[in-house]
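Shown next, in structure tokens, is the structure this report addresses.
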Amino acid sequence: MNEIREIVTKAVIAKGKKTIKIKTTVAPTNDTFSILGCWVINHGFQATLDQDVVKIDGNFEINIWYAYDENSKTEVARQIVEYNDSIKTRKIMKNVNSTKDVIVRVLQQPTCTNASITENGIEVDVVLEEAVDVIGETKIAVTAFTNIDPDTLDDSFENEINDLNWI
């Protein structure tokens, strides 16, 4: 005979993903003649859940290697950039407990896609991609077989484990 049982477990109840584009201006200490390189380091963030939206507060550091004084000298300009964004989530399950956790994965670390010299300094375009999973308690229904004869169970797998020669 079969019986239906409910198991309480944690599961992904909502998902979301977003590509975030940030444009900022870095003001170097000298008049820039040319840009020699641009990279982004030290990315960090925190996430909070608000209804069906995950709010992300993060920051990273931009480093721009540039030449000045008619390409005769070089220097690195540094700036910490803070960003705030939100990622909408799509519900996967409806019947969940009120306790929810958020897991954020960075699919693409912040990367400089463009850097150009402007009147105000060096304008930098940064792109990053993040995915979120909302975890919550939910119930799943399973079929439990109650009329199983213990003598008919196959114990060969357990016997194989116990018979292994350990070194």
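In table form, for the structure just shown:
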read-out	value
Residues whose placed amide H lies under 5 Å from that of VAL102, excluding near-sequence neighbours	ILE135
Accessible surface of PHE45 - all protein chains present, 1.4 Å probe, nearest 10 Å²	70
Lysine pairs meeting the criterion (Cα under 30 Å, 8 or more apart or interchain), as found in segment 1-73	9
Extension gain, THR24 back to LYS55 (0.36 nm per residue minus Cα-Cα distance, nm)	9.1 nm
Net lengthening on full extension, THR143/SER72 (0.36 nm per residue, minus Cα-Cα)	17.9 nm
Heavy-atom SASA rank of ASP31, ASP101 (probe 1.4 Å, accessible area, largest first)	ASP31, ASP101
Cα centre as origin, Lys/Arg/Asp/Glu Cβ charges: segment 25-156 dipole, Debye	400
Extension reserve of the GLU82-GLU129 stretch, reckoned as 0.36 nm per residue once the Cα distance is removed	15.4 nm
Carbon/sulfur fraction of accessible area - the chain, other protein chains in place, 1.4 Å, %	47
Dipole of the chain, positive end: most advanced residue of SER98, VAL12, THR146 [Cβ charges, Cα centre]	SER98
Within segment 80-120: backbone nitrogen closer than 19 Å to the ILE7 label point (7 Å, Cα to C-beta)	93-97
Surface accessible to a 1.4 Å probe, per residue, for the residues of the chain, Å²	69
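The values are calculated or read from the model by the stated rules, or taken from the named source; none is laboratory data. Being a predicted model, the structure only gives us computed values, none of them experimental. Heads up, the Cβs are rebuilt from the backbone with ideal geometry, glycines too, and the neighbour counts pull from every protein chain shown. Only protein heavy atoms, including side chains, enter the accessible area calculation; ligands, DNA and RNA are left aside. Shrake-Rupley method; radii C 1.70, N 1.55, O 1.52, S 1.80 Å.
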